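Throughout, read-outs are computed from the coordinates displayed, never taken from laboratory work. Predicted, not measured: the structure shown is a model, and the values here were computed from it. Cβ placement follows ideal geometry from the backbone for every residue including glycine, while neighbour counts extend to all protein chains displayed.
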Amino acid sequence: MIKFFRKIRYNLMEQNKTGKYLKYAIGEILLVMIGILLALQVNNWNENRKQHIQDLQFLETLRIELTLDTIALSQKISQYKNINLKLENTLGIFNTKTHITQNEYNLIADALRSLEVLTPINKNIQRNNLPLANGMLMRIDNQLNQEYLNYLENTISHNNIISKLGESLQTIAIQDLSPHFDFTTQLMSLEDNSLIYDFEFNEIRNNRLIKNALNKSLFYRTTYIKWSKEQKDSDDKILLYIDVFLIKKF
C-alpha cells in the first residue's frame, strides 16, 4: 500500500503536475490524520469498556459487602434488644420483689452475664480506601460517592465510641458486679460451658452500684441500637442506588 502511494507521488512529480501533487499530499495527510483519530477512538472505547467492567465489578462487590453489613446490623439489633429486655426485667424484679423463683433467678443471672456485652460490627474500613482514593465511586456517581463516604465516616465514628462504651461496661462489671458474685463450675448443659453466677438476691436488689451498672448497660446498648438502625437505613439507601445503576448498567 505504501509503495502504491509512493508511485502516485512519483508520477505526479515526473509529470510536473504540482497542483495535483499538492492536493494529493493534502489528501494523504488527511487520510493519515483520520487513521490516527480512528485508532485513538478505538483505544478510548476499549479503555472505557475496561473501566466500565471494573466499575460494575466494584459495585457488585460493594453491594455484597453492604448486604452483609445489613445482615450483621440486624443481628446486632436483635441480640441487643433481647439483652436489654433481660436487663429491664431484672430492674423490674429488683424494684417489685423480695423473693424470686428459680426462673427469675436464672433470668437475673443471664442478664448480669450479658451486662458487659457491647461490640460494634466487624468491618474492614481500610479495604475501601483504595477505590475511594482512586475516585471510582465519584466517577460513577457523585451522590452515591457522598452517601458512601458518610456511611464509612459514621461507621468509623460509631465503632470507636461503642468500643469505648464496651470497655467501660467491662470495667463496671469487674468493679461493681464481681464483688457480689461467685462463679460456679456447674454447667448449665452439655452444649453450654459458661460460668454461672451464684448470688444472694436480697444482697444485691437494693445495691445502688449494681442498679447503676444495669442502667448504664441498658442506656449504652439502647444508643447502639439507635445508631445501628440509622446505619442500616443508610446502608439500604446506598444499596438502592447501586441496584439502580446495575439494572441500567449505566
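Compared with the alpha-carbon gap, the fully stretched path from HIS52 to ILE161 is longer by 35.4 nm at 0.36 nm per residue. With 22 Å as the limit, the listed pairs LYS211/LYS232; LYS50/LYS232; LYS123/LYS237 have LYS211/LYS232; LYS50/LYS232 beyond it between alpha carbons. Would any residue of segment 102-121 have its amide N under 20 Å from a label point 7 Å out along Cα→Cβ of GLN75? List them or say none. Residues 114-121 qualify, since their backbone N sits under 20 Å from the label point.
Rounded to the nearest 0.05, what FRET efficiency is calculated for MET138 and ASN215 with R0 set to 41 Å and r the Cβ-Cβ distance?
On the way: r = 45 Å, r/R0 = 1.10.
So, using R0 = 41 Å, E works out to roughly 0.35.
At full extension, THR119 and ASN44 could sit 22.2 nm farther apart than now, given 0.36 nm per residue minus the alpha carbon distance. Among residues other than ASP198 with Cβ under 13 Å from its Cβ, the summed charge is -2 (Lys and Arg +1, Asp and Glu -1).
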